[in-house]
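Novice: Sharing a structure with you now.
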Amino acid sequence: MSASTSLLFALPTFMASIFQCSLAVLAASIYYGRQILVAAGWPSSSEKAPTVDDSDSFPRVMLPREIVFDETARNALNILDENYAQRPMQQKLRTKQTPLDGDIEAPPFVDETDSSSCSSDSESSQDSLKNKKQQASIFSAKHGSENGPLIAQALRTLRSAGNQDRLTLTCTGYKGGLVKDQVNQDRGMVVCPLLPFEKRSTEDPDNNVTMLVGVLDGHGSLGHKCADFCRKELELDIPTHMQRLISEAEKTGGMDSLSPKVVARELERIVQDVDERIPYYWGRDGGSTMSMVLQLGEWIYLINTGDSQSFIGAFIESSQESLVLRVTQRHEPTLPQEVKRIHQAGASISPDGNYVIYNHVNEQHGLAMTRSLGDHLAPGVIPTPSITFASKHALVQQALQQSGQQSTNMESDAAKVSLFAVAVSDGILDVLDEPKGSTSGPVEIAHVMGNAFFGQRREREHALVATRNYIDVCAERWYMQHDGQYRDDIVVAASKIL
C-alpha cells in the first residue's frame, strides 16, 4: 500500500479525533465560563430569569427612540396615546404590565410625506394629532376593544427608551436637502442604577440610589461621531470612577461620608479625559455639548459643558405646581468671563455676540458656544464643565420656600415635594415659550415633565406620550420660525429623583 493511500485511510480517523477534541474544549468553555459569570453575580439557572413583563426588566441604560423616522416607536407612541386613558382602572393600579399570549401585529402606518422637502414631514398640530389618533383607532378596531394588550405591547416596544419614571426621546432635525438624508447629532441617556451592582440599604433604600441623566448635542461635520463617542465613554467612565470613590468612602463611613467636592473634582477630570481621547479627526471637524444630572444617594450634581442645559425640578403635590430649583449655566459667547478667555486665546466674538470666530487654513469658522467636547482647533474653547451640587434635603426646603408652603415637620415637608431631573439640547431651549434671557430657567419644560411624572394628568397620559407631544410642539415652533427650512435636532432625557 502506498504512502498516499495510507494517508487517505487515516484522514477520517484524524478528523474524527479533531472533532471530539473540539467538542470537549467547547463543553469545558461553557461550563467554566458559566461558573465565572455566576461568581460575578450573573443569575444561575435556579434563579428566576427576567421576562419582558417583569417590572424590573427595564434596561439599566436607556437610550432615546426617534419619534420621526423610527416607525416602530412612532406607532407604539400613537397606540399608547390613544388607549392609555381608556385602560381599565384595575390596570392603572397594577405595577406590572399585562402578560401577553403572543406578539401583536404592528399597526399599519400610512406615510404620506414626501422626502424631497422639509415641509413634507411637518403638518399643523391639529392635523398631526388627528392622523395619530386615526391610525391608532384603526388598529384598535381591528384587534378589538380590549386595550390592555395594546398598552402592554406598546410599553414593551418602548421599554428601551423609558417608562413612567424615567425616559429619553429624540427628534431628528432638518438642515436642508432630502429628509431621508438628515443625520441626528443629538444623543441622550438615562442610566439607573448608575452602578451595575448597586445594593440598596434595607433601612433607607432611597438614600443610596445612583442615577445619571444626560444629553449631548453634536455639531460640525463629524459632530454625531463626537457626541456618540463621548456618550459611550461617559457611560462607562462615570460609574467606574464613582464606584472607586464610594468603595474608598465605605471604609470610613459609607456613601454619606463621600465629600461632594471630591466627587465634583473627579467628574471634572473624567470629562477632560474623555475630551482628550476623542479621535483626532472627530475632534478636529466636530464637537459636542454635554449636560448631565448625577445622583449619588443624598447628593445631586449638575454637570454642563456647552449650550445644552440640565435642571432639577420639583413638583408640589398640593398645588400641582412645578418649579425649577437648580439649572446649569449655558456656556455662550455673551458671558463676560467666557469672552475674556476667548479673546486671550486669540479668537474673537461675532458682532451680534452669538458666535466664537476663529480662522483655520484660511477659512473662518463660527461656534455658538465657548465650551465643548471636541472642537480642538477652536482657540479658547475648553471642555471643562461647570459643576454644582446640592443635597435632596436642601432642594426640598428650597421648593417649599419657593412655593410658600414651608413648615417645621420634616417628614410632612418631604411628602409634599417630588424631585425630578431633566436634560435637554438647544433644539428645545432655543424655542421655549419664555422671554429671551429669562432667569427663571426652563419653566415650560419643568411644567411638562413635572405633570408627566407626578401630576394628575399622568392617569390620562403616559410620560412617554407627554414628552413626545411636547417635542412635537417644539418641532412645530422651529417649522413656523424658519418657514420649514430649518429645524434643530431635539433630545430630552428625564427621570424622577428617588
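Novice: Find the all-direction average of the projected area of the Cα convex hull for region 283-327, expressing the result in square nanometres with one decimal place.
Specialist: With the hull built on Cα positions only, its mean projection is 4.4 nm².
Novice: Take peptides 182-192, 360-370, 269-279, 228-238 and line them up by average Cβ neighbours within 10 Å, highest first, as a rough protection proxy. Let's see the in-between values first.
Specialist: Working: 182-192: 23.9, 360-370: 14.5, 269-279: 17.2, 228-238: 19.8.
Descending packing order for the listed peptides: 182-192, 228-238, 269-279, 360-370.
Novice: Now a separate question. Starting with the highest mean, order 153-163, 457-467 by the number of other Cβ atoms within 10 Å, averaged over the residues of each peptide.
Specialist: Numbers: 153-163: 21.9, 457-467: 20.2.
Result, highest mean first: 153-163, 457-467.
Novice: Apply the a/c threshold of 1.5 to the C-alpha gyration tensor of region 226-369 and tell me whether it is rounded, prolate or oblate. Write down the numbers at each step before the final one.
Specialist: On the way: a/c = 2.41, a/b = 1.49, b/c = 1.62.
In terms of gyration-tensor shape, oblate.
Novice: Between Q481 and T252, take the C-beta separation as r, use R0 = 60 Å, and let me know the FRET efficiency to the nearest 0.05. Before the final figure, lay out each step's value.
Specialist: Details: r = 54 Å, r/R0 = 0.91.
Efficiency, from the Cβ-Cβ distance: 0.65.
Novice: In nm, give the distance between the simple-model label positions of S348 and R460, each being 7 Å from the Cα along the Cα-to-Cβ direction.
Specialist: Distance between label points: 5.6 nm.
Novice: Please state, rounded to one decimal and in Å, the Kirkwood hydrodynamic radius that region 212-255 gives when every pair of distinct Cα atoms enters the mean of 1/r. Don't skip to the answer; put the middle values down first.
Specialist: Numbers: mean 1/r = 0.0820 Å⁻¹.
Roughly 12.2 Å, rounded to one decimal.
Novice: Here's something else I'd like to know. Under a crude label model (7 Å from the Cα following the beta-carbon direction), how far is Q364 from E276 in nanometres?
Specialist: With each label placed 7 Å out from Cα toward Cβ, I get 3.5 nm.
Novice: Here's another thing I want to ask about it. Indicate the gyration tensor shape class of region 297-429 (rounded, prolate or oblate), computed on the Cα atoms with a ≥ b ≥ c the square roots of the eigenvalues: a/c under 1.5 is rounded; otherwise a/b larger than b/c is prolate and the rest oblate.
Specialist: Cα axes put region 297-429 in the prolate bin.
Novice: Using a/c under 1.5 as the rounded threshold, could you call region 231-280 rounded, prolate or oblate? The axes a ≥ b ≥ c are square roots of the C-alpha gyration tensor eigenvalues, and prolate needs a/b larger than b/c, oblate otherwise.
Specialist: Details: a/c = 3.75, a/b = 2.35, b/c = 1.60.
Taking the square roots of the gyration eigenvalues as a ≥ b ≥ c, region 231-280 is prolate.
Novice: Just the Kirkwood number for region 334-377, please: inverse of mean 1/r across all distinct Cα pairs, in Å, one decimal. Could you put the intermediate results ahead of the total?
Specialist: Values: mean 1/r = 0.0931 Å⁻¹.
For region 334-377, the Kirkwood estimate is 10.7 Å.
Novice: Which order, highest average first, do 419-431, 471-483, 282-294 follow once you tally other Cβ atoms within 10 Å for each residue and take the mean per peptide?
Specialist: In descending order of packing, they fall as 282-294, 419-431, 471-483.
Novice: Taking the Cα atoms of region 302-344, what is the range of coordinates along each of the three principal axes, in descending order and whole Å?
Specialist: Extents along the principal axes: 51, 16, 11 Å.
None of the figures in this text is laboratory data; all of them are computed from the coordinates on show. Since the model is a prediction, treat every value here as computed from it, not as a measurement. Cβ: placed from backbone, ideal geometry, glycine included. Neighbour counts: every protein chain shown.
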